[in-house]
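Student: Pasting a structure here, questions to come.
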Amino acid sequence: MFRRKPLFRKAPHVQITSATLDNTYDRRSFVVAGFGASIGLLLAGRMSYLAIAENEKYETEAESNRVNLSLIPPRRGWIIDRNGAPLASNRADFRVDVIPERMNHPEQQMAVLQEVLNLDQAAMADLREQIEQTRGFRPVEVASGLSYEQFAALSVRLPNLPGVVPQRGYSRYYPTGPAVGHLIGYVGPASAEEYEKDRNPLLITPGYKIGKDGLEKQFEQRLRGVPGARRVEVTATGRIVRDLETRDDIQGKPIKLTIDGPLQDYAARRIGLESGSVVVMDCRTGDVLCMASMPSFDPNSFSDGIGRVEYAMLRDDERVPLRNKVLKGLYPPGSTVKPMVSMALLREGVDPEETVYCGGGLRVGNRVFHCWQRRGHGQVNMAKGIYQSCDVYFYHLAQRIGMDPIAAMAHRCGMGQEFDLPVLSQFYGTVPDPAWKLEKYGREWQAYDTVNATIGQGYMLANPLQLAVMASRLASGRHVEPHLLFGESKGHFPPADFAPEHVALVRKAMSDVINGPGTAGRARLPLDDVLMAGKTGTAQVVSLSRSDGRSGPWKYRDHGLFIFFAPYDNPRYAGAVVIEHGGGSSAAYPIARDVMTFLFDPRKGVESLHALEKQWGGNAQERLAARYAAYAAQTGETVPPAPRRDEEIFARVDAEARAAAMIPVAEATDAAVNRSDLAE
Amino acid sequence: MNSVIPAPIARQPWAMLLPLIALVGFGAMVLFSAAGGSWEPFATSHLLRFLIFLVMAWVMTLFGREFVRFAAYPLYAVLLILLVAVEAIGFVGGGSQRWLDLGVVQLQPSELMKPAIILVLARFYSGLPPSMTMSWRALVPAGVLIAIPMGLVLLQPDLGTALAIGFGGATVMFLAGLPLRWFITAGIGALVAAPIAFFFGLHDYQQRRVTTFLDPESDPLGAGYHITQSKIAIGSGGLFGKGFNEGSQSHLNYLPEPHTDFVFATMAEEWGLLGGLAVILIYGLIMRWGLSVARKSHDRFARLLASGMVATMFFYVAINLMMVMGLAPVVGIPLPFMSHGGSSMMTNMICIGTLMMVNRWNSRAPRSQLS
């Protein structure tokens, strides 16, 4: 108020007439016109600036608005077995992803998806959990392996479902499922950490999956291929107006393994209800023919996006189906080291005909070490020490030569060795010797340590692959190295520094284990012309006071081990079977027998497998599905896992295919046809 | 005058009409393109509306000066009542209300208020004795006349229209010869009040428009989207544009409202800088004609009326163009004669009609007469 008064008080002093107002109007309208003109000039200048100076920038932005570049994920390279049959391939399928960030009404849209795709409550729970855990920009797979009808039904509703992306793509397919789970691994969408590490836009392309484990991860770059690209003109809402240009993807390179697909399948299935592993090698080339580890997971269900319940089932299993037991299972090798120890004895000049009296035990220091045969073996020479697996013979003579030569021989046979294989990790166990013990425990090596080591107990630990390599080296007398990639090995290994007559003696003794008066007569091959040689082993897990090793709680039972090679007189194949808590070697050698039978006579092998699978309730894949159903029911989930695909287009790598292929053509006309080319 | 052309036609203000018709025709082409290369639904109705309102403008020229002077206050009063009615219906119906459904037509009283405020102020100042121009009696009644409709429109809420009313009114007051220091004082006052009004007077969505105008990249997919896409459209047009019907920004729906508020961006994308300068030039021609009509008029009433109408049109054009070029926040103000929309066409044609009417008064009587 105070300020306004002087504003008005001045007014009466000036005489205002209409003429002065006209004058004022003229001046002021000039100002107004000038103001208008200057706004006009400002606008013209601003527009020139936008359209000329910044033209390039905005042209680029308009173009990037208009054109949407989408990557076409490359088809992943196949992983094939030594005969070219696919162990991992791709199949075309329809899939639906969601990009959480782009959904405007997540709950409503999820309800629509549930209805159209017929998803059950468990799948929805999985999906919600996944959406919560992933970053918003990353697509989450809702379902794959959709039927065309579902795919079409969803496509119609897309305008109301922003963030939902239907895809025609390829999914990874492992024809023999669990049999190759640990060996090959599985694929899955890249995690946020993996994307941080490798800023390849391909990794966040919907539906693109990278190797997560095993060979899939190891050979990721080679299998990946080169993505194609599709440039499309899109509207602001993302609707595609037209295709501008398309560049096809280049499929990743295949990887050919030394693995024999049917043998791998057979071995995995033959392990049956047990938990364990089977390794078979070609002892002339070092090619690993089979590396089965069971129980396993089905990499197909991992690639489809494993369910929460299914994962919990695998994680909680005491038989650790998520661990590759061939490379990461470490076991006391038990008596399977006796042929190796014999080689050490021979090398140190022990006469193989020298006998030791076995009365069922031997006092070492103030403890009595028992032979497994409490009644005793009587007079025992080296051959009998091996085929009867007499512990006392080895207790006695090992003390004479000491631990160091035995440890040296163990290393020569591949124990404690990490092999040059394209695998993510391998545990290489322990070959103890006095220096090792001193360093590790700060205590002197004792005689009883040697005694324990000679029967593969105590500190000694090995993985099944090392045992198989040991068998190969003993059988061939050469320094065999294992190989996984086909064609990598030329098959010329240097001699293992064994005297030929020593090798012959040990081979004969190992043959007698099975074909003579040995411990594993039941391991004899049901074939007329092939003799298998081997050595049993039983590894104690807990002290005898807690368990007798054969009965009682599963995890206290003894491990059953068996190393073998065949044919005994001209070794071609060698391997190892380890059955965890199998209750003794009798759990292991029948498996070795059947696996080798299958190798030489597939039909005979498959017959015995079928008989067993009938007792067990289906093959490994079927049993896994049944177990899942039971587990799901137990945890209150009412639903079966995602339905398996119906068509079985790759019938070449399972064990039956090999057997069928051996039947005269008239009997089996539709077997062993690789129809994969038709599916692509 | 050329004797070949009949007098009633020759008498029309072709200096304004020709650019105007060219502009509306050009606008129809842009709308044709904005509809994806189709006459429907924008271009045809745009031309049709123009023709109807052109007839209306011609009818307006028949009104006499005294009649218009006489009708000023009643018209203003009726519009105020309608504004209150709209507010009341909106209050009952819940939510923002701008329309009054009269059954046959939908009436938007706030639109009509823009020319009406000019009319009533021109009437007020023409009746005010010149000696009072410097006193409070020149300011307070006019301020009330402006404040009431502005307040009612703000309640709707429609900031753009309220500002248009305020701008038109202020221009008339300025030209009426009110002391310059009042305007300077008011300007300083507005500068002080603006931040306060921003934080307490504006709705959330209005505040957002202002903040995103200051930094459009802060939210390129949200509220800043309009400005960003509009600038992309204008900037990517370059010198000559992408060609008729070739604008990707408008055709692929990146540009929001390509047929109404952002019609200039639609045009600039396809016709480039040259098209844009031509449009600005045409507006300049029309405004210049309007101001010359005002200058040539015989009395204070006609002069203030005509220049106020020019100011109202100017406000539309300037704010719209500044908005699409990223110089002003997004306020829903369409571009006269180009944007698709009946009420904006009507308001602007009332302005044109008023100018044509004043032009006719000018040609009828000699300038010497004083009011």
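Student: Would you work out if the protein assembly as shown is rounded, prolate or oblate? Take a ≥ b ≥ c from the square roots of the eigenvalues of the alpha-carbon gyration tensor; rounded if a/c is under 1.5, else prolate when a/b is larger than b/c, oblate otherwise.
Tutor: Details: a/c = 4.21, a/b = 3.47, b/c = 1.21.
It is prolate, given that a/c is not under 1.5 and a/b is the larger ratio.
Student: For A:W78, A:W372, give me the order by solvent-accessible area with a 1.4 Å probe, most accessible first, ignoring ligands, DNA and RNA. Please report the intermediate quantities before stating the final value.
Tutor: Details: A:W78 40, A:W372 125 Å².
Ranked list, largest accessible area first: A:W372, A:W78.
Student: Given 5 Å bins starting at zero, what is the percent of C-alpha pairs of the stretch B:127-194 in each, up to the one with the largest pair distance?
Tutor: 4, 15, 23, 27, 18, 9, 4, 1
Student: Indicate the residues belonging to the stretch A:18-33 that lose 20 Å² or more of solvent-accessible heavy-atom surface (probe 1.4 Å) upon moving from the chain alone to the assembly of all protein chains, ignoring ligands and nucleic acids.
Tutor: Flagged in the stretch A:18-33: A:S18, A:L21, A:D22, A:Y25, A:D26, A:R28, A:S29, A:V32, A:A33.
Student: Give, rounded to the nearest 20 debye, the magnitude of the charge dipole that the protein assembly as shown has about its Cα centre when Lys and Arg contribute +1 at Cβ and Asp and Glu contribute -1 at Cβ. Present the calculation step by step, with values, prior to reporting the outcome.
Tutor: Numbers: 102 positive and 96 negative charges, 862 e Å.
Roughly 4140 debye for the protein assembly as shown.
Student: For peptide A:61-67, compute the average count of partner chain beta-carbon atoms within 10 Å of each residue's beta-carbon. List each step's numbers first, then the result.
Tutor: Details: counts 9, 14, 3, 1, 10, 6, 1.
For peptide A:61-67, the averaged partner shielding equals 6.
Student: What value does the stretch A:84-163 have for Rg/Rh, both radii from Cα atoms and Rh as Kirkwood defines it? Could you put the intermediate results ahead of the total?
Tutor: Working: Rg = 13.9 Å, Rh = 13.6 Å.
Here the Rg-to-Rh quotient is 1.02.
Student: Let me confirm one metric for peptide B:252-258, namely the mean number of other chain beta-carbon atoms within 10 Å of its residues' beta-carbons. Intermediate values should be presented prior to the final figure.
Tutor: Details: counts 10, 5, 8, 3, 1, 0, 0.
For peptide B:252-258, the averaged partner shielding equals 4.
Student: Give me the net charge of A:R28's neighbourhood, meaning all other residues with Cβ under 12 Å from the Cβ of A:R28; Lys, Arg count +1, Asp, Glu -1.
Tutor: On the way: positive: A:R27, B:R295, B:R303; negative: A:D22, A:D26.
Net charge around A:R28: +1.
Student: Roughly how much accessible area, to the nearest 100 Å², goes out of reach of solvent when B and A pair up, both sides summed, probe 1.4 Å?
Tutor: Values: alone 17540 and 32520 Å², together 45860 Å².
Summed over both sides, the interface buries about 4200 Å².
Student: Continuing with this model, one more query. Let me check I've understood the local charge: for A:L467, count other residues with C-beta under 13 angstrom from its C-beta, Lys and Arg +1, Asp and Glu -1. What total comes out?
Tutor: Details: positive: A:K325, A:K338, A:R473, A:K535; negative: none.
Neighbourhood net charge equals +4.
Student: Quick one: how many Å² of A:V469 are accessible to a 1.4 Å probe, rounded to 10?
Tutor: Answer for A:V469: close to 0 Å² accessible.
Student: Let me ask something else. Compute the distance from the alpha-carbon center of the stretch A:481-514 to that of the stretch A:17-55, in whole Å.
Tutor: So the two Cα centres are separated by 100 Å.
Student: Okay, next question. Once you wrap a convex hull around the alpha carbon atoms of the stretch A:28-77, what is its projected area averaged over all directions, in nm²? Could you put the intermediate results ahead of the total?
Tutor: Numbers: hull surface 19.8 nm².
In nm², the orientation-averaged hull projection of the stretch A:28-77 is 4.9.
Student: What nm distance separates the two modelled labels at A:Y49 and A:R546, each placed 7 Å from Cα along Cα→Cβ?
Tutor: So the two model labels end up 8.1 nm from each other.
Student: Ranking request for peptides A:383-393, A:166-176: highest mean number of other beta-carbon atoms within 10 Å first, then the rest in descending order.
Tutor: On the way: A:383-393: 25.5, A:166-176: 21.7.
So the order, starting with the most tightly packed, is A:383-393, A:166-176.
Student: Taking square-rooted eigenvalues a ≥ b ≥ c of the alpha carbon gyration tensor, is the stretch A:447-531 rounded, prolate or oblate, where a/c under 1.5 means rounded and, failing that, a/b exceeding b/c means prolate?
Tutor: In terms of gyration-tensor shape, oblate.
Student: Right, another one. Can you sort B:Y283, B:Y73 by solvent-accessible area, 1.4 Å probe, largest first? Intermediate values should be presented prior to the final figure.
Tutor: Values: B:Y283 10, B:Y73 90 Å².
Greatest to least solvent exposure: B:Y73, B:Y283.
Student: Just tell me how shielded B:295-303 is by partners: mean number of partner chain Cβ atoms within 10 Å of each residue's Cβ, no decimals.
Tutor: 2
Student: Name the lysines eligible as straight-distance cross-link partners of A:K256: C-alpha to C-alpha under 17 Å, and not fewer than 8 places from it in the same chain.
Tutor: A:K217, A:K490
Student: If you don't mind, there's one more thing I want to ask. Counting only helical runs of four or more DSSP H residues, what would the 222 nm mean residue ellipticity of chain B come to if each run contributes -39,500 (n - 2.57) and the total is spread over all its residues?
Tutor: On the way: 14 runs with 255 residues, N = 371.
The helix contribution divided over chain B gives -23500 deg cm²/dmol.
Student: While we're on this one: Using modelled backbone amide H atoms (1.01 Å from N, in-plane), which distant-in-sequence or interchain residues come within less than 5 Å of B:Y254's amide H?
Tutor: A:A236
Student: For a quick check of understanding: with a 1.4 angstrom probe and all protein chains in place, what accessible area in square angstrom does A:D22 have, to the nearest ten?
Tutor: Approximately 50 Å² of A:D22 is accessible to the 1.4 Å probe.
Student: Each residue of the stretch A:141-156 in turn: what ³J(HN,Hα) in whole Hz from Karplus with 6.51, -1.76, 1.60 and θ = phi - 60°, glycine and Pro shown as x?
Tutor: 6, 8, 7, 9, x, 6, 7, 4, 4, 4, 4, 5, 4, 6, 4, 5
Student: Solvent-accessible area per residue for the stretch B:130-284 at a 1.4 Å probe radius, Å²?
Tutor: Value for the stretch B:130-284: 42 Å² per residue.
Student: Mind listing the phi-derived Karplus ³J(HN,Hα) values for the stretch A:320-333, rounded to whole Hz, using 6.51, -1.76 and 1.60 with θ = phi - 60°, and x for any glycine or proline?
Tutor: My calculation for the stretch A:320-333 gives 5, x, 8, 9, 7, 6, 5, 9, 10, x, 10, 9, x, x Hz in order.
Student: Ok, one more. Rounded if a/c is under 1.5, else prolate if a/b is larger than b/c, else oblate: which is the stretch B:7-363, with a ≥ b ≥ c the root eigenvalues of its Cα gyration tensor? Each step should come with its number before you reach the end.
Tutor: On the way: a/c = 1.63, a/b = 1.24, b/c = 1.32.
Oblate.
Student: For chain A, what is the mean residue ellipticity at 222 nm derived from helices alone (per DSSP H run of n ≥ 4: -39500 (n - 2.57); sum divided by total residues; nearest 500 deg cm²/dmol)? Could you put the intermediate results ahead of the total?
Tutor: On the way: 27 runs with 268 residues, N = 680.
Per the formula, -11500 deg cm²/dmol.
Student: If you don't mind, another one. Quick one: how many Å² of A:E613 are accessible to a 1.4 Å probe, rounded to 10?
Tutor: That residue has around 20 Å² of solvent-accessible surface.
Student: To check my understanding: the extent here is largest minus smallest coordinate of the Cα atoms along each principal axis. What are those three numbers for the stretch B:1-68, in Å, largest first?
Tutor: 46, 33, 15
Student: Where does the charge balance sit around A:I255 when Lys and Arg score +1, Asp and Glu -1, over other residues with C-beta under 10 Å from its C-beta? Write down the numbers at each step before the final one.
Tutor: Working: positive: A:R222, A:K253, A:K256; negative: A:E216.
Net charge around A:I255: +2.
Student: Moving on to the next point. Given the options B:A43, B:A85, B:A194, which has the most mean-square fluctuation in a GNM of chain B, springs set between C-alpha atoms less than 10 angstrom apart?
Tutor: B:A194
Student: Now, a different point. Sorted by accessible area (1.4 Å probe), largest first, how do B:F63, B:F337 line up?
Tutor: Details: B:F63 80, B:F337 5 Å².
My answer, sorted largest first, is B:F63, B:F337.
Student: For chain B, with a Gaussian network of springs between Cα atoms less than 10 Å apart, report the residue from B:P109, B:P258, B:P129 with the top mean-square fluctuation.
Tutor: Ranking B:P109, B:P258, B:P129 by mean-square fluctuation puts B:P129 first.
Student: In a solvent-free Debye calculation with one equal scatterer on each Cα, what is log10 I(q)/I(0) for the stretch A:68-256 at q = 0.12 Å⁻¹, listed in the order of the q values?
Tutor: -0.63
The values are calculated or read from the model by the stated rules, or taken from the named source; none is laboratory data. This is a predicted model, so every value here is computed, not measured. Cβ: placed from backbone, ideal geometry, glycine included. Neighbour counts: every protein chain shown. Note: accessible area is taken over every heavy atom of the protein model, side chains too, but ligands, DNA and RNA are not part of it. Shrake-Rupley method; radii C 1.70, N 1.55, O 1.52, S 1.80 Å.
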